[in-house]
Structures are given as C-alpha cells and as structure tokens.
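What follows is a single structure, written as structure tokens, with notes after it.
The values are calculated or read from the model by the stated rules, or taken from the named source; none is laboratory data. Just so you know, these numbers come straight off a predicted model, no measurement behind them. Please note: Cβ atoms are built from the backbone with ideal geometry, for glycine as well, and neighbour counts cover all protein chains shown.
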Amino acid sequence: MTPELFGLHANSDIITNQNIASNLLQVILSVQPRSVDSRHGKSHEDIIEEKADYILERVPDMFDLEEINKQFPTNYNESMNTVFTQEAARYNILLSHMGDDLLKFKDANRGRIVMNEELERMGVSMMNNEVPIQWSEEEGVGFLSIKNLGAWIADLRKRMAFLKEWQTEGTPKCFWLSGLFEPQAFLTGIKQN
C-alpha cells in the first residue's frame, strides 16, 4: 500500500522504513552475547572498562564559575556575559554528571559497589556506542543531539573548545549557534544588546 492511500506524504514511507530498521537493530543489539571466553579475547567487562577510560580521558575540564563571574559580570549593557555564564554552568553540570557516572560505573564494574539498573543501562549504552540516557537531553543534563557516543564526545569537546575560546578571547564576532545549550537565550541576549 502506498502512503497516499492514507492521506500521507510519500516521504512517510521513508520514516516507516527507518523506524523498522532501527527497531530491528535494537533487537539484534539486545540479543548479542554479553560474555566472552577470556582465552579468546577481552571480556565484556574489559571492553566497557576501556570505553569508560577512553571517555574519561576525553572529558574536558570544567569551567571555574567563580572566575567566569568575575571575568563576565552581569551587565545590563552586555547580555552576552549572562549567556556565557549560563552556558558554562550548564556544561559544568553535564561534565560533573559524566565524571561521577563514569567513576561509579568503573567501581561497579570492578565489584567495589553494587551494579544497579541505571549503571547497567549505562554500560549497555556505552557498549552499543549510544549516549547513556543519564547524559542526554531527556534527563535535562545533556545537549540535544542524535549522534552516536563517539561523535557525541567529539562534539562535546568542540563545544567546550568554543566556550573556552570565548572565555580567553572575549565575546566572539561569529557564534556557533548550534554549539550552545540554549540558542534561545543567546537570541534573547542579542535582542537585548
């Protein structure tokens, strides 16, 4: 049957096929083996531990909010100071969650603390190269993205580099709008200026 029979656009067929493929891949990932004979390769736990270490190595340093508040004080003539301060605070929250979650996960993976359902889901997400739900925009912590975990980490690093440059060089002449947590706040700040 064609989508037009139901009053839908022809492109709705594309979305349907993408959803079917995505569901199929999710089922395949959910049934993949979770254990490996250690004589024939790395165990599931070793692989996830390496991924957690890899991410921890690449998580940028947090902003010093006290320094930022001195450097970019609230000024009604320069709304970009407020925008930058809010962006830095939002990224600090994300980076703090990431660091804490990864350290808890590593401890649970090594048996030092109990592996709860949340940490288990985080490990499965990392194994499947998906952004853990704890760091996503759904939880109100992460930025909006549909990228896989590796690309998401690279994107996070670029976003942080943009903000670090803003901090060291001053308010930029050209802004990376999609690199901000709250582009709406930025646009409001521009209007106020």
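Condition check ((1) of a type outside the set (Val, Ile, Thr); (2) touching a residue at least 24 places away in the same chain (Cβ under 8 Å); (3) within 22 Å of ASP107 (Cβ to Cβ)) across all residues:
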site: LEU5; (1), (2), (3): yes, no, no
site: ALA10; (1), (2), (3): yes, no, no
site: ASN19; (1), (2), (3): yes, no, no
site: GLU67; (1), (2), (3): yes, no, no
site: THR74; (1), (2), (3): no, no, no
site: MET80; (1), (2), (3): yes, yes, no
site: GLU87; (1), (2), (3): yes, yes, no
site: LEU95; (1), (2), (3): yes, yes, yes
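Residues in the range 115-171 that are hydroxyl-bearing (Ser, Thr, Tyr), buried (at least 16 other Cβ atoms within 10 Å of the Cβ) and in a helix (DSSP H, G or I): 1 in all. Can ARG34 be described as surrounded by 10 or more Cβ atoms within 10 Å (Cβ to Cβ), on the phi < 0 side of the Ramachandran plot, basic (Lys, Arg) and modelled with pLDDT of 85 or more? So ARG34 fails the test. Restricted to the range 49-94, and to residues there that are in contact with a Leu (Cβ under 8 Å, 6 or more places away or on another chain) and of a type in the set (Ser, Thr, Tyr), the residue that is surrounded by the most Cβ atoms within 10 Å (Cβ to Cβ) is TYR91.
Using the structure shown, decide if ASN81 is more than 25 Å from GLU138 (Cα to Cα), out of contact with any helix residue (DSSP H, G or I) (no Cβ under 8 Å at 6 or more places or on another chain) and either at pLDDT 95 or above or not in a loop (DSSP other than H, G, I, E, B) (or both). Judged against the criteria, ASN81 is a match. Assessment of the range 2-12 against the conditions (outside any helix (DSSP H, G or I), aliphatic (A, V, I, L, M) and exposed (fewer than 14 other Cβ atoms within 10 Å of the Cβ)) yields at least one matching residue.
The residue that is nearest to the chain's Cα centre (by Cα), among those in the range 104-134 that are touching a residue at least 40 places away in the same chain (Cβ under 8 Å) and within 13 Å of ILE55 (Cα to Cα), is MET126. Once the range 141-170 is narrowed to residues that are over 14 Å from GLN86 (Cα atoms) and polar (S, T, N, Q), the residue that is modelled with the lowest pLDDT is SER145. Within the range 171-191, if we keep just the residues that are of a type in the set (A, V, I, L, M) and in contact (Cβ under 8 Å) with a residue 24 or more places away in the chain, the residue that is farthest from GLU87 (Cα to Cα) turns out to be ILE190.
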